[in-house]
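This report concerns only the one structure given below.
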Amino acid sequence: MAKSQKCLKSVAFILFFVLINEVKSMVNLYDPVDNVLMVNSENLSTILYHNRVGKLVQFINSFCGDCRRFAPTFKRLSTDLQTWRHILMFYAIDCAEDINVKICREYRLLGTPTLRYFPPIIDQNNRLGQEVLERDVDGIKFKLSLLLSDIRNIPELPTFEPLNRFDTLKSIFDHKVGQVNHLFVVYKPATDVLLYRVLLDLLPYQQVIVRFIEDRWIFRNFGLEPYAQTLAVVDRSGNSLALIPENQSAVAYLEIAKQYLDFLGFEADPLLPTTQAPDPNTFLGDRQNDILNKVLMPPHKIYRVDIEQAIDKLLHIEIPKAAEMSEEQLNALRKILHILDKFHPLNAHGKRLISNLRAQVEATDKMSGAKFAELVKESEANLKVFKGRRYVGCISSRPFLRQFTCSMWVLFHYLTVQSAKGSNDILPGHVLKAVHAFAKYFFGCTDCSNHFQAMARRRKIDEVQDKDEEILWLWDAHNEVNKRVAGDSTEDPKFPKIQFPSRTDCPTCRNSEDGWNTDEVLKYLKHIYDSENVSIFGLPAYRGRQ
């Protein structure tokens, strides 16, 4: 029994260090130094099903502002709870990565960030985990203590099962080997869940175990009077001592218990070894720095590669993450593909791809993210649809900033301008309806989606009747978002959230009262987002590219 317990713990820690070696050279939202391991679709199932401890998994979209804002809270939580690592481990998986789309869809996420707790042993009833809705450190700790308290009868883990009148010192210590030689007996009324923290926070002391009793008379099993104490310590030889905390809080219990352990000379396990966190200032290579410097030089330009990146991720990540689509979602998808089919700037092969997808989606009355992903895969076969290798105008100077969200704004502006250019059969307001459909049904950033939907209602998006008005509606809405997030932790220091366009890029766009000259703004937007003026810088040479 002892050997198997030791092996299982070894497996958990071997897994931990293997994963550290896998991610230590990568730039991730979390690092092993945070006591959080980034996982993916290739190892998540192994971790959940074979690592017999509690697991807290955060599902994120790395481009999502809310996920990045929550990161400091999650890091503080995971760092604070290193002491629980024998019973709880922390993981994160990025649903914005191609490799993780399928598994994020299977876990039926309604938004990100999502916290899911998985117990040590997973079966069909709990395979999707239990969502943790709390968002503050103390609230999450309390919720986790409740979830962990369900652990029962797993030999290699501490148990929260209360002692009964048949339990004796011998029966408790018989299956405990090694350094374990002291037992803390804690009287915990059934309703007092706060005292679970006593067991959890004493886990780093390998010499002790903690057991609860809900019946004071069980103190007699250890030679103690039933009502003389609420906390006692007993060694293997049966020597017992009542400990008197200052009050009945978990903090007071822990304080007196640790004082006694210090007196005995017992030391807690050291914290996990750490590696140096990657420097976010060095994540750009020489080529990326060259691009950054070029983009920062005025005047402001729009790059086709960013538009292509947006379409690429829309087709391969955002839409495929959807589960079974409702009729409303399917109609939303049709709107998006209709607008893309009309105005995308992709090459001839890209045109065939979008047209084929649109035709197949129009012809069906049932769709899911998984089925759409298969359609994309089949439609791409034997096509050389160009995909830019990197962002250019939407490049970021720090990890996880701008990039995808920036590219989506560029795509949306581009589409409104192309719709207003010349004659076509797209009615005024239909591009905005497609944008709204994406934000409502497919955008992986929950916070962003909610804000856009609220803004669309307040700004009466459905009442836009003119294509020029459509261009200006999106421009004004984008500036509202910029104003809201200016100075936020998600802002790239090299690309501050300004009211666009700047005076430098369009001096005539502002009037003397520092207000907007919307006629000039419209003229400016139609110029920089015109397909004839979009820069092809950053696109590798490709025969057949148009």
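The values are calculated or read from the model by the stated rules, or taken from the named source; none is laboratory data. Here the structure is a predicted model, which means the values were calculated and not measured. Cβ: placed from backbone, ideal geometry, glycine included. Neighbour counts: every protein chain shown. The area values use the complete protein model at the heavy-atom level, side chains included, leaving out ligands, DNA and RNA. Shrake-Rupley method; radii C 1.70, N 1.55, O 1.52, S 1.80 Å.
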- Item | Per-region count, region 183-219, residues of a type outside the set (A, V, I, L, M), touching a Pro at 6+ places or on another chain (Cβ under 8 Å) and surrounded by 21 or more Cβ atoms within 10 Å (Cβ to Cβ) | 3
- Residue list for region 61-92, filter: over 14 Å from Leu115 (Cβ atoms) and hydroxyl-bearing (Ser, Thr, Tyr): Ser62, Thr79, Thr83
- Does Ile498 satisfy the condition of being aliphatic (A, V, I, L, M), open to solvent by 30 Å² or more (accessible area, probe 1.4 Å) and touching a residue at least 12 places away in the same chain (Cβ under 8 Å)? yes
- Top-ranked residue of region 368-407 - restricted to ones that are basic (Lys, Arg) and under 30 Å from Glu327 (Cα atoms), ranked as most open to solvent (accessible area, probe 1.4 Å): Lys377
- Task: Report, by residue number, each residue of region 501-518 that is within 24 Å of Ile291 (Cβ to Cβ) and open to solvent by 40 Å² or more (accessible area, probe 1.4 Å).
- Result: Thr504, Asp505
- Just checking, which of Val464, Val534 is more than 18 Å from Val295 (Cα to Cα) and touching a helix residue (DSSP H, G or I) at 6+ places or on another chain (Cβ under 9 Å)? Val464
- Message: When you scan region 483-505, do you find a residue that is at pLDDT 95 or above, in a helix (DSSP H, G or I) and under 25 Å from Arg304 (Cα atoms), even just one?
- Response: no
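Is it the case that some residue within region 483-493 is in contact (Cβ under 8 Å) with a residue 60 or more places away in the chain, of a type in the set (D, E, K, R), surrounded by 12 or more Cβ atoms within 10 Å (Cβ to Cβ) and closer than 26 Å to Cys64 by Cα? Before the answer, list the steps.
Initially, region 483-493 is screened for residues in contact (Cβ under 8 Å) with a residue 60 or more places away in the chain, giving 485, 488-493.
Checking the rest, the ones that are also of a type in the set (D, E, K, R) come to 488, 491-492.
This time we only want the ones that are surrounded by 12 or more Cβ atoms within 10 Å (Cβ to Cβ), so: 491-492.
Filter once more, keeping what is closer than 26 Å to Cys64 by Cα: 491-492.
Yes, because at least one residue in region 483-493 is in contact (Cβ under 8 Å) with a residue 60 or more places away in the chain, of a type in the set (D, E, K, R), surrounded by 12 or more Cβ atoms within 10 Å (Cβ to Cβ) and closer than 26 Å to Cys64 by Cα.
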- Examine region 368-381 for a residue that is within 20 Å of Gly444 (Cβ to Cβ) and in a loop (DSSP other than H, G, I, E, B), and state whether such a residue exists. no
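Please specify each residue of region 110-128 satisfying the condition of being under 18 Å from Met38 (Cα atoms) and either loosely packed, with under 12 Cβ neighbours inside 10 Å or not charged (D, E, K, R) (or both).
Thr112, Pro113, Thr114, Leu115, Tyr117, Phe118
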- Message: Quick check on my filter: what residues within region 147-182 are open to solvent by 70 Å² or more (accessible area, probe 1.4 Å) and either of a type in the set (Ser, Thr, Tyr) or on the phi > 0 side of the Ramachandran plot (or both)?
- Response: Asn153, Gly178
- So Leu525, is it touching a residue at least 60 places away in the same chain (Cβ under 8 Å), open to solvent by less than 70 Å² (accessible area, probe 1.4 Å), part of a helix (DSSP H, G or I) and more than 30 Å from Phe70 (Cα to Cα): yes
- Selection within region 270-317 - exposed (fewer than 13 other Cβ atoms within 10 Å of the Cβ), of a type in the set (Lys, Arg) and modelled with pLDDT of 90 or more: none
- Query: Among the strands (runs of 3 or more DSSP E) contained in region 146-243, which hold 2 or more residues that are aromatic (Phe, Trp, Tyr) and more than 17 Å from Val53 (Cα to Cα)?
  - Reply: 182-187
- Residues satisfying the stated conditions in region 233-264, i.e. open to solvent by less than 50 Å² (accessible area, probe 1.4 Å) and farther than 23 Å from Phe222 by Cα: Ser249
- For residues that are open to solvent by less than 20 Å² (accessible area, probe 1.4 Å) and closer than 20 Å to His86 by Cα, tally how many sit in region 130-146. 4
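What number of residues within region 460-482 satisfy the criterion of being of a type outside the set (A, V, I, L, M), open to solvent by less than 70 Å² (accessible area, probe 1.4 Å) and within 27 Å of Cys64 (Cβ to Cβ)?
Matching residues across region 460-482 total 8.
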- Task: Quickly run through region 412-442 and pick out the residues that are within 27 Å of the chain's Cα centre (by Cα) and open to solvent by 40 Å² or more (accessible area, probe 1.4 Å).
- Result: His436, Lys440, Tyr441
